Amino acid sequence: MTLQHVVHPAEIPGSLVAPGAPPILQATAIEKYFGTARVLRGCSMTVFPGETVTILGRSGSGKSTFLRCLNFLEEPSAGVVEISGVRVEADPLRPRHEKASARIRQLRLHAGMVFQEFNLFPHLSVLGNLIEAPIHVKRLPRKEAIELAEGFLAKVGLSEKRDEYPSRLSGGQRQRVAIARALTMEPEVLLFDEPTSALDPSLVGEVLKVMESLAHEGRTMIVVTHEMAFAREAADRVYFMSDGEFVEIGPPQNVISDPQDERTQDFLARFLRA
Amino acid sequence: MNQQLATDIMDARRQRGRVWRTQFMVMWGVIVAALLAFILVTIRLDSDFIQKWLPFILTGVPVTIFVALISIFFASILATLGALGRVSRSPYLNAIASFYVSFFRGTPLLLQILFIYLALPQAGIVLPALPTGIVALSLNYGAYLTEIFRSGIEAVPHGQTEAAQSLGMSDRTTFRRIIVPQAFRIVTPAIGNDFVAMLKDSSLVSVVGVQELLWRAQAAGRPTFQSMQTLLVAALVYWILTIVFSFFQNRLERKMATGDRTPERSR
Ligand SMILES: Nc1ncnc2c1ncn2[C@@H]1O[C@H](COP(=O)(O)OP(=O)(O)OP(=O)(O)O)[C@@H](O)[C@H]1O
Ligand SMILES: [Mg+2]
């Protein structure tokens, strides 16, 4: 089956995307083997500035692996990733040399990531978590970094937790700090890997609210999630993954409300029943 | 009615706890009394003798503490270098570090002390007694601490590295700013632990003539065959030292394990 993976932004109703804008992220033919297991089978994705894309799919289908390939936390076995003009080709056979590492770091600067398990730095205060990378990667003066951090803390509604340590925050607060931490590097694209899955159900809402506001202000986001409501409301486009392939791609009103592929239908039917 | 039962159960449990603690303390008392009786029966407690030699023996205490402190300091530095070698990607550094650990953990500390003092002069390296003791203790404990430091580094969850990398940090920055501070918290109690052990192992350097606690106790007792008295004094002093430092070490451990510095829980 051939898939047209590019849905032009102009076709998306209500999209903030300027028609004719060049894509900000392009992943082409990403393959990933773990040992001999083929976990990704030629996945491609194109994202335009300001879009929110969600990836849905059953557990173990390869969603996280794909997302982690986008910033090379997982080195793809084959394929190319280009984010905001930084292009990195998979080169798994040779040891990574300093030049390649620098390029991958460049790529990562354009793609902030939010993890399911937050991964805040426990030895640093909330503010410390936020200013660490701006100071030690971007070499911002401390004062500027703090100003920047305070702005993003306010945005996620946690200004008063500035000097608290992560262990004293609720899960929802931790994830909001993690989002603010990713934002302080001012990345063009935000990657979220099931940001609410480790949370108590009562805490999911506050995190989704922050994510929705980010989507509405025109940030480019790629979100792996099981939150169907979020996918339906906030996403411009939904990618449905099954066994390492994107088998259905389109606006949520198609993929979620009127799926064509039987694997998508099956997944959604189970999901709604659950 | 139910309320009453709950209080009764709690009272009974508390009562059992009190009885247990009393029995525990009584048993300690019995052991100590038996020991004292044994000492008093076998030897005459010559207070003149003790008074004469006690200051001489106690002069060894600062030496013991000094040797242990300075050796744990150098051991920590060696262990830092060793652990860096063990976690580096370089096969050469790994080989050097693992050889170091293997050799110094695989041979007796006493032999290492004697080797430096007696054998190295044949190669033209002559060290006085005190430096010999410090070098041997540092090398030996450094080898054990290397493995502890390495496991401390490896105990930092992989998610920390991933978060740092996703923010664009280089391997070096990640290690220095994210991994090391967390590993340090993990291993600090182990350093304290080894320090308490070192207080006792430092007695081994008496064989080359460092005038620390054990050397002095031996020197005082031997000429007049009164080693029972002097060695008992030394034992008591070591015992008190370990109790005192263990107390601080426990407090340190508890401080490291609680409060703001705990690794975050996942929920
Ligand atoms: N480091 C790894 N080594 C070996 N196999 C792996 C590794 N990471 C993932 N896999 C395998 O790759 C497949 C895809 O995993 P992945 O985590 O991408 O799935 P997922 O879609 O994110 O699932 P979930 O919804 O449970 O998070 C799974 O079969 C998994 O067992
Ligand atoms: Mg996953």
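What follows is calculated from the coordinates using simple rules that are stated; it is not laboratory data. These figures come from a predicted structure and were not determined experimentally. Cβ atoms come from the backbone with ideal geometry, glycine included; neighbour counts cover every protein chain shown.
Dividing the convex hull volume of the alpha carbon atoms of segment B:45-97 by its residue count gives 83 Å³ per residue. If I require 30 Å or longer along the helix axis, counting alpha carbons, and a Kyte-Doolittle average no lower than 0.5, what helices from chain B are left? Use full DSSP H segments. Membrane-span-like by this criterion, though nothing is claimed about a membrane: B:60-87, B:129-155, B:227-257. Do you know the relative contact order of segment A:33-140, to the nearest whole percent, from alpha carbon pairs under 8 angstrom that are 6+ apart? Averaging sequence separation for qualifying contacts and normalising by length gives 16 percent for segment A:33-140.
Residues A:Val114, A:Val81, B:Val207 in ascending order of nearby Cβ atoms (within 10 Å, fewest first): B:Val207, A:Val81, A:Val114. Note on chain B: Kirkwood hydrodynamic radius from all Cα pairs is 22.5 Å, rounded to one decimal.
Of the trypsin sites (Lys or Arg not before Pro) found in segment B:19-118, the ones in coil according to DSSP and having at most 11 other Cβ atoms within 10 Å of their Cβ are B:Arg44, B:Arg89.
Most fluctuating residue of B:Val237, B:Val205, B:Val32 in a GNM of chain B with Cα springs under 10 Å: which is it? Answer for the Gaussian network model of chain B: B:Val32. Over the Cα atoms of segment A:96-192, each weighted equally, I'd like the Debye log10 I(q)/I(0) at q = 0.16 Å⁻¹, rounded to two decimals. With no solvent term, the Cα-only Debye profile gives -0.64.
The ranking of A:Ser159, B:Ser206, A:Ser64 from fewest to most other beta carbons within 10 Å of each one's beta carbon is A:Ser159, A:Ser64, B:Ser206. Each label point was placed 7 Å from the Cα along the Cα-to-Cβ direction; for A:Glu89 and B:Ser246 their separation is 6.5 nm. Compactness of segment A:28-92, taken as the C-alpha radius of gyration over 2.2 N^0.38 Å, stands at 1.09.
Pairs of C-alpha atoms in segment B:110-267 farther apart than 19 Å represent 68 percent of all such pairs. The residue among A:Val156, B:Asn193, B:Val180 whose Cα reaches farthest toward the positive pole of the charge dipole of the protein assembly as shown, with charges on the beta-carbon of Lys, Arg, Asp and Glu, is B:Asn193. Taking 7 Å steps out from each Cα toward its Cβ at B:Lys255 and B:Ser102 produces label points 4.0 nm apart. The shape of segment B:1-78 can be summarised by an equivalent ellipsoid whose semi-axes, obtained from the alpha carbon gyration tensor, come to 46, 28, 9 Å from longest to shortest. All Cα-Cα separations within chain A were binned at 10 Å from zero, giving a P(r) of 7, 29, 36, 23, 6, 0, each value a whole percent of the pairs. Look at B:Phe149, B:Phe175 and count the other Cβ atoms within 10 Å of each Cβ; fewest to most, that gives B:Phe175, B:Phe149. Applying the criteria of a DSSP loop state and at most 15 other Cβ atoms within 10 Å to the GluC sites (Glu not before Pro) of segment A:132-218 yields A:Glu217. Relative to its Kirkwood radius, the Cα radius of gyration of segment B:184-252 gives an Rg/Rh of 1.11. Taking the centroid of alpha carbons for each part, segment A:232-257 and segment B:29-64 are 83 Å apart. In chain B, helical runs assigned H by DSSP with n ≥ 4 each contribute -39500 (n - 2.57); averaged across all residues and rounded to the nearest 500, the mean residue ellipticity at 222 nm is -26000 deg cm²/dmol.
Sorted largest first, the spans of the alpha carbon positions of the protein assembly as shown along the three principal axes are 104, 82, 48 Å. Could you check which residue among B:Gly60, B:Gly29, B:Gly124 shows the biggest mean-square fluctuation in a GNM of chain B with a 10 Å Cα cutoff? Taking springs between Cα atoms under 10 Å, the residue moving most is B:Gly29. Neighbours of A:Val189, meaning other residues whose beta-carbon lies under 13 angstrom from its beta-carbon, give a summed charge of -2 when Lys and Arg score +1 and Asp and Glu score -1.
Among the trypsin sites (Lys or Arg not before Pro) found in segment A:129-214, those both in a DSSP coil and sparsely packed, with 12 or fewer other Cβ atoms within 10 Å of their Cβ, are A:Arg139. Backbone phi angles across segment B:202-210, fed through the Karplus curve with coefficients 6.51, -1.76 and 1.60 (θ = phi - 60°), yield HN-Hα couplings of 5, 4, 5, 6, 4, 5, 9, x, 5 Hz in residue order; Gly and Pro are listed as x. Where only DSSP H runs of four or more residues are counted, chain A gives -10500 deg cm²/dmol as its mean residue ellipticity at 222 nm, each run worth -39500 (n - 2.57).
Here the spin labels are modelled as points 7 Å beyond Cα on the Cα-Cβ line, and at B:Ser90 and A:Glu186 they lie 3.8 nm apart.
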